[in-house]
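Nothing in this text is a laboratory measurement; each read-out follows from the coordinates by a stated rule. Since we're looking at a predicted model, the values are computed, not measured.
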Amino acid sequence: MPADLVERFDQLSRRRGYANRSQALADLIRAELVQHGGQEERKEIAATITLVYDHHKRNLQARLTDLQHDRPGLILSVLHVHLDHHNCMEVLALRGPSRDIRALADALRTVKGVTHATLTVTTTGKEFRHHAHGGKPA
C-alpha cells in the first residue's frame, strides 16, 4: 500500500480508538462481509428500516401498519417518534431472511406520503463467533 494511505488509515484508526491497525482492519473486513452477506437472499440478517412520513396523509398510517402486519415474525420492535406537527419517524428493528426484509423496505418506501426511508443491514452476530476485537470464541 502507498505510505500516505497507510498513514491516513493509522490516523483514522487512532481517532476511532483502535489499539492497533490489525483491529481496525478486522472491523473493516467484518463490515464488508456483513454488507456482502446482506445481499444473499436467504441469509438471515438483522436490520433497521427508518421511515419519515407526514402522518396527516390520508390512510398512510393504516397502510404502513398493514404492510408490517403482513410480515409476522420479521419485525422485532418499532419505535415511533413525533418529529413535529406533521412529521413522524418510525424505526423498525427486524430479523429474518434478507429478501423478506428488503421486500418490506421496498414496500414501505413506496407508500404515498413516506418522505424518506432507509434500510440499514447488519449482522445477527452468528457468523462472527469470536469477540469483535480478537478475543476467544464465545
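Based only on the alpha carbon positions, what is the Kirkwood hydrodynamic radius of the chain, in angstrom?
Details: mean 1/r = 0.0577 Å⁻¹.
17.3 Å is the Kirkwood radius here.
To the nearest 500 deg cm²/dmol, what mean residue ellipticity at 222 nm is calculated for the chain from DSSP H runs of n ≥ 4 alone, each contributing -39,500 (n - 2.57), summed and divided by the residues? Could the numbers behind the result be given before it?
Details: 4 runs with 52 residues, N = 138.
Only helices count here, giving -12000 deg cm²/dmol.
For the stretch 94-130 and the stretch 25-43, compute the distance between their C-alpha centroids and round to whole Å.
14 Å
With N denoting the number of residues in the stretch 44-122, provide Rg(C-alpha) divided by 2.2 N^0.38 Å, to two decimal places.
Values: Rg = 11.8 Å, N = 79, 2.2 N^0.38 = 11.6 Å.
Scaled against compact globular proteins, the figure is 1.02.
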